[in-house]
Amino acid sequence: MVLKSKVIEALNQLPDQFSIDDLMERLIVLEKIETGLKQVEEGKTLTMQEAKERLQKWLK
């Protein structure tokens, strides 16, 4: 979840005129960042070696 204060901050960083697509893109990025930070806090990360091993099946 994204805090209302973060949404307001993101909104304030946009120019006076913007498209809804611009706003949605910014909100999606904020949500992805928050999700990633929560995963780090919960220890749900991979080492570089683990990531490379998982990617190998896709790179073949």
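The values are calculated or read from the model by the stated rules, or taken from the named source; none is laboratory data. Small disclaimer: the values here were computed from a predicted structure and weren't measured. Every residue, glycine among them, receives a Cβ derived from its backbone with ideal geometry; neighbour counts consider all protein chains shown.
Tell me whether region 29-36 contains one or more residues that are of a type in the set (A, V, I, L, M, F, W, C), over 10 Å from the mean Cα position of the chain (by Cα) and in a helix (DSSP H, G or I).
No - not one qualifying residue is present in region 29-36.
Filter region 19-28 down to the residues that are within 10 Å of the chain's Cα centre (by Cα) and surrounded by 12 or more Cβ atoms within 10 Å (Cβ to Cβ) and list them by number.
Correct list: R26, L27.
Yes/no per residue for (1) surrounded by 11 or more Cβ atoms within 10 Å (Cβ to Cβ); (2) at pLDDT below 95:
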| residue | (1), (2) |
| --- | --- |
| M1 | no, yes |
| S5 | no, yes |
| I8 | no, yes |
| Q17 | no, no |
| L30 | yes, yes |
| V40 | no, no |
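Does G43 meet the test of being on the phi > 0 side of the Ramachandran plot and either without any contact (Cβ under 8 Å) to a residue 60 or more places away in the chain or more than 20 Å from the chain's Cα centre (by Cα) (or both)?
It is true that G43 is on the phi > 0 side of the Ramachandran plot and either without any contact (Cβ under 8 Å) to a residue 60 or more places away in the chain or more than 20 Å from the chain's Cα centre (by Cα) (or both).
Determine, yes or no, whether K52 is basic (K, R), outside any loop (DSSP other than H, G, I, E, B) and out of contact with any Phe, Trp or Tyr (no Cβ under 8 Å at 6 or more places or on another chain).
Spelling it out, K52 is indeed basic (K, R), outside any loop (DSSP other than H, G, I, E, B) and out of contact with any Phe, Trp or Tyr (no Cβ under 8 Å at 6 or more places or on another chain).
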